[in-house]
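The block underneath contains the structure these notes are about, expressed in structure tokens.
The values are calculated or read from the model by the stated rules, or taken from the named source; none is laboratory data. Source: prediction; values computed, not measured. Note: ideal-geometry Cβ built from the backbone for every residue, glycine included; neighbour counts use all protein chains shown.
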There are 2 protein chains.
Amino acid sequence: MSSIGTAGARRANHGTDALLAVLRERFADRMTTSMSVLEQHGRDEGHHATVPPDAVVYAQSTEDVVSVVKLCGEHRVPLIPYGTGTSLEGHVAALEGGITLDLSRMNRVLRVSPEDLDCTVEAGVTRKQLNEHLRDTGLFFPIDPGADASLGGMAATRASGTNAVRYGTMRENVLALEVVVADGRVIRTARRARKSSAGYDLTRLFVGSEGTLGVITQVTLKLYGIPEAILSAVCAFPSVTAAVDTVVATIQSGVPIGRVELIDPFAMAAVNAYGKLDYAVAPTLFFEFHGTKAGVAEQVALVKEFAASQGGTEFRWASSQEERNKLWHARHNAHYALMAARPGCRAWPTDVCVPISRLAQCIGETEADLKTSPLMSGLVGHVGDGNFHVDFLIDPDKPEEMAEARRLNERMVMRALAMDGTCTGEHGVGYGKIDFLTAEHGEGVALMRTIKRALDPDNILNPGKIVRV
Amino acid sequence: MSSIGTAGARRANHGTDALLAVLRERFADRMTTSMSVLEQHGRDEGHHATVPPDAVVYAQSTEDVVSVVKLCGEHRVPLIPYGTGTSLEGHVAALEGGITLDLSRMNRVLRVSPEDLDCTVEAGVTRKQLNEHLRDTGLFFPIDPGADASLGGMAATRASGTNAVRYGTMRENVLALEVVVADGRVIRTARRARKSSAGYDLTRLFVGSEGTLGVITQVTLKLYGIPEAILSAVCAFPSVTAAVDTVVATIQSGVPIGRVELIDPFAMAAVNAYGKLDYAVAPTLFFEFHGTKAGVAEQVALVKEFAASQGGTEFRWASSQEERNKLWHARHNAHYALMAARPGCRAWPTDVCVPISRLAQCIGETEADLKTSPLMSGLVGHVGDGNFHVDFLIDPDKPEEMAEARRLNERMVMRALAMDGTCTGEHGVGYGKIDFLTAEHGEGVALMRTIKRALDPDNILNPGKIVRV
């Protein structure tokens, strides 16, 4: 694995050896220093360098987490929480060495309350596992970042995905968390009431904190009734702008659309090749409509009208579960399809999010950048939120390609910020976007640093992510 | 005004006189020590004792706020932000003396972006002022706590109200804040993107912080298109349980109801008397349906079915804006109607919120408590959220009445907590509910204290509220 990007200097740490001995004693075969396991835990699905930890410990309970957090604190050794490793901005890289705490074995669904439309799961439960568990209840958990991520990890990175436009992100869908904080105390951030004014919003403090303020061990989530009617469709447009303007009209008119996704022509060609599909190679929108039968019919009529006025007239519909799964499978595979479009390459995925009124311009200028670059890349997006992604297809051993991806990424981020947008809509900061935070938040970064110092004074928890201390 | 409840000891402070001189110099007639103004600023609409500050300063700009925050910090004198004084748990009481910073003159709507469905206002703009401003745009801001509160104050207390069941609370509807923190720095908590994963959620940290972590000076809010169809209705039920079960069925079936409010028979009688109305004196639900015409018709059909199965068959409908306003005016006046039911009394308003599956039991047991108490009281609630209120009608000069209200309040709160609910769904903590926070959050309170100490090390900002330091 090539080294990409700037990994921080490994912390000179004489406590590590002593800690490893204690952990081996305490966790036996649930602790490993096998290089293949360390490397697997030191990389994510993005372009960042693999930076393995010194050991991996598999937690099976909150008590295990408390024990590891306390031991790391006593030995002043970094601790990196790990779910499925599907993050994208170097979140799990062991920049200063230390212990990676793998929570994937904490995978029990603890409670489902159909009457309250909520549930509590251990942090290692994945979103697909939860939905499989819910299969006979008529309920589902909507947040869908593509990867089958763990719900603890999704909370930690404030994930969202294709249907955030209708159901919100992890910010809106986490009711409460159990978190082990730096000194080993176990905090329950909230009760199960749908709303509360009882003090600081500890839940939202940990959602999106990327393991830097505490280790999430349980997640209480909102659930939703599966809509009476679900209808999906694919429609090609004469230009990216025409597609985006259709989305903008849809959002501004208040249509409660379930999903609306943009894929650019290069990515459509890749999706076709990867999935042996025959969609038009054009700027394309993937739609999903959720509601009652009459409600969906109303939504469809409106959106077809918006699309037609932008030259989008050929809707391909999917109504059965099987057809819809096929359609969304194609969309979800865009990342892998793009990588397959340049054999042997790696993808550098990035994302930004802007106010919807600026979306057409932001995507238009970004597409212009991409067209004039020698680098291959594809653009896809959760455009109903103003959020879009670019995958740069790079050979990490070619410094000129890395430099070009870095240049394009920086232009895209700074453009989004200039439009009152954010440097990341859903991928998070990790260390890949840490240098953009000051441009985005100014003095707010100092405030984040104050919070980090207060909650993790020895900088044990996932150091080097979000804010440098 | 009688002294009610425990006001903290006034801080022995030799810096106050020096500070007052500086403020008088700096703010001239925008600074006052007139006792009537001080008393007005030291009380809210709840039952708590008036505790006046040493001076009131009227801010006209963020720069004014920065100046007062810095001066209070230098002189180690408490600062209490003040909007409209419509809070309920002693939020504005100057428990340790100090300066009340009145933001009501910061009342400019700074920006409305119809295409992005958002706006930015100064903290002193009230919700009615904003909606008046939006009148010709087809948009509205839904959060409605009853009182015409300032939007800064609503953000600071994480307010909600009648249509949170559909549109969420201030937690979901604040996109970004401008905040002056304890050392005088001006923080913008976020950009205008609908979602972001760029670091800690500073917005949600300040929403609900009740002026204890910073002074909110600007609020960026989500807006909504006024629904095509709005229909309101009132329906009486044979019992509180029948009414609540109707609500539970409505929520569980996923009907996107705009508002659903419960009023108990005592409060209905008071509402009738106060508004010269002739509603049935019975457990009553007030409904509002928002959507397309067809969507509203679908919702109404379902809810009528749920209501009929619980014996609620007599719907009184209001479709015109004027009729609807009249209906909701009656609901919003419940608090004042209750006070009028016992001339000369004061109201002790309290609220809790529980998971919807526990709501019928929680309200049932609370009603049983109220029926066997000699104290007059009325129960109303935003029951779609699991949130309900009791107003105890008290003579604050009668210690036995205060003790009885305290007993009933404590039983109601502890009952809600035992049902995995919260000690306050929307009123906030102030100092009135500060002693329930440990029962609700346990170690979480220590974490809140850590955050308070980190952001306000000298305990200048609204001391004695949410957490004692």
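Before we move on, is residue A:187 of a type in the set (A, V, I, L, M, F, W, C), outside any helix (DSSP H, G or I), under 30 Å from residue B:451 (Cα atoms) and without any contact (Cβ under 8 Å) to a residue 40 or more places away in the chain? In short, yes.
How many of the residues in region B:211-249 are outside any helix (DSSP H, G or I) and either charged (D, E, K, R) or over 25 Å from residue B:286 (Cα atoms) (or both)? Spell out how you get there, then give the answer.
Step one: of region B:211-249, the residues outside any helix (DSSP H, G or I) are B:211-239.
In the following step, the residues that additionally are either charged (D, E, K, R) or over 25 Å from residue B:286 (Cα atoms) (or both) were identified as B:211-222, B:228.
Number satisfying all stated conditions: 13.
Kindly indicate whether residue A:448 is farther than 22 Å from residue A:146 by Cβ, aliphatic (A, V, I, L, M), free of Cβ contacts under 8 Å to residues at least 40 places away in the same chain and touching a Phe, Trp or Tyr at 6+ places or on another chain (Cβ under 9 Å). Against the criterion (farther than 22 Å from residue A:146 by Cβ, aliphatic (A, V, I, L, M), free of Cβ contacts under 8 Å to residues at least 40 places away in the same chain and touching a Phe, Trp or Tyr at 6+ places or on another chain (Cβ under 9 Å)), residue A:448 qualifies. Can you tell me which residue in region A:180-194 is nearest to the chain's Cα centre (by Cα), limited to those that are more than 21 Å from residue B:418 (Cα to Cα) and more than 7 Å from chain B (Cβ to nearest Cβ)? Among residues in region A:180-194 that are more than 21 Å from residue B:418 (Cα to Cα) and more than 7 Å from chain B (Cβ to nearest Cβ), the one nearest to the chain's Cα centre (by Cα) is A:180.
Looking only at region B:392-410, how many residues end up being small (Gly, Ala, Ser) and more than 24 Å from the chain's Cα centre (by Cα)? Steps first, answer last, please.
Of the residues in region B:392-410, the ones small (Gly, Ala, Ser) are B:403, B:405.
Applying the additional criterion that residues be more than 24 Å from the chain's Cα centre (by Cα) yields B:403.
Residues in region B:392-410 being small (Gly, Ala, Ser) and more than 24 Å from the chain's Cα centre (by Cα): 1 in total.
Name the residue that is farthest from the other protein chains (Cβ to nearest Cβ), counting only residues in region A:238-253 that are touching a Ser or Thr at 6+ places or on another chain (Cβ under 9 Å) and crowded, with 24+ Cβ neighbours inside 10 Å. The qualifying residue farthest from the other protein chains (Cβ to nearest Cβ) is A:243.
Just for region B:156-170: of the residues that are assigned to a loop (DSSP other than H, G, I, E, B) and touching a Pro at 6+ places or on another chain (Cβ under 6 Å), which one is surrounded by the fewest Cβ atoms within 10 Å (Cβ to Cβ)? Don't jump to the end; show me each part of the working.
So in region B:156-170, the residues assigned to a loop (DSSP other than H, G, I, E, B) come out as B:157-163, B:168-169.
If we keep only those that are touching a Pro at 6+ places or on another chain (Cβ under 6 Å) as well, we get B:159, B:161, B:163.
Numbers: B:159: 29, B:161: 25, B:163: 22.
Only one residue tops the list, namely B:163.
Apart from one condition, residue B:316 fits all of (1) under 25 Å from residue B:239 (Cα atoms); (2) buried (at least 18 other Cβ atoms within 10 Å of the Cβ); the exception is (2). Within region A:381-411, the set of residues being modelled with pLDDT under 95 and of a type in the set (Val, Ile, Thr) comprises just one member, A:383. If you go through region B:109-155 and keep only what is more than 18 Å from residue B:81 (Cβ to Cβ) and in a strand (DSSP E or B), you end up with B:109, B:110, B:111, B:112, B:113, B:118, B:119, B:120, B:139, B:140. Picking from residues in region A:254-275 that are free of Cβ contacts under 8 Å to residues at least 60 places away in the same chain and under 28 Å from residue A:138 (Cα atoms), the one that is surrounded by the fewest Cβ atoms within 10 Å (Cβ to Cβ) is A:254. Residues being within 12 Å of chain A (Cβ to nearest Cβ), more than 25 Å from residue B:465 (Cα to Cα), out of contact with any helix residue (DSSP H, G or I) (no Cβ under 6 Å at 6 or more places or on another chain) and hydrophobic (A, V, I, L, M, F, W, C) are entirely absent from region B:195-211.
So is residue A:52 surrounded by 20 or more Cβ atoms within 10 Å (Cβ to Cβ) and within 30 Å of residue A:338 (Cα to Cα) or not? So residue A:52 passes the test.
Identify, please: which residue in region B:418-466 is within 7 Å of another protein chain (Cβ to nearest Cβ), within 21 Å of the chain's Cα centre (by Cα) and hydrophobic (A, V, I, L, M, F, W, C) and is, among those, surrounded by the fewest Cβ atoms within 10 Å (Cβ to Cβ)? By that ranking, first place goes to B:437. Where strands (runs of 3 or more DSSP E) sit wholly within region A:49-108, those with at least 1 residues that are over 16 Å from residue A:463 (Cα atoms) and more than 21 Å from the chain's Cα centre (by Cα) occupy A:55-58. So, of the residues in region B:87-133 that are hydroxyl-bearing (Ser, Thr, Tyr) and within 14 Å of chain A (Cβ to nearest Cβ), which turns out to be surrounded by the most Cβ atoms within 10 Å (Cβ to Cβ)? If we take residues in region B:87-133 being hydroxyl-bearing (Ser, Thr, Tyr) and within 14 Å of chain A (Cβ to nearest Cβ), then B:87 is surrounded by the most Cβ atoms within 10 Å (Cβ to Cβ). When restricted to residues that are in a loop (DSSP other than H, G, I, E, B) and of a type outside the set (Gly, Ala, Ser), region A:423-469 contains 19. Report yes if some residue within region B:371-382 is surrounded by 21 or more Cβ atoms within 10 Å (Cβ to Cβ) and within 14 Å of chain A (Cβ to nearest Cβ); otherwise report no. The answer is yes; a qualifying residue exists. The residues of region A:19-54 that are of a type in the set (Asp, Glu) and without any contact (Cβ under 8 Å) to a residue 24 or more places away in the chain, listed by number, are A:25, A:29. Might you check whether a residue that is of a type outside the set (Lys, Arg), within 14 Å of chain A (Cβ to nearest Cβ) and in contact with a helix residue (DSSP H, G or I) (Cβ under 8 Å, 6 or more places away or on another chain) occurs anywhere in region B:279-289? Within region B:279-289 (the criterion being of a type outside the set (Lys, Arg), within 14 Å of chain A (Cβ to nearest Cβ) and in contact with a helix residue (DSSP H, G or I) (Cβ under 8 Å, 6 or more places away or on another chain)), the answer is yes, since at least one residue qualifies.
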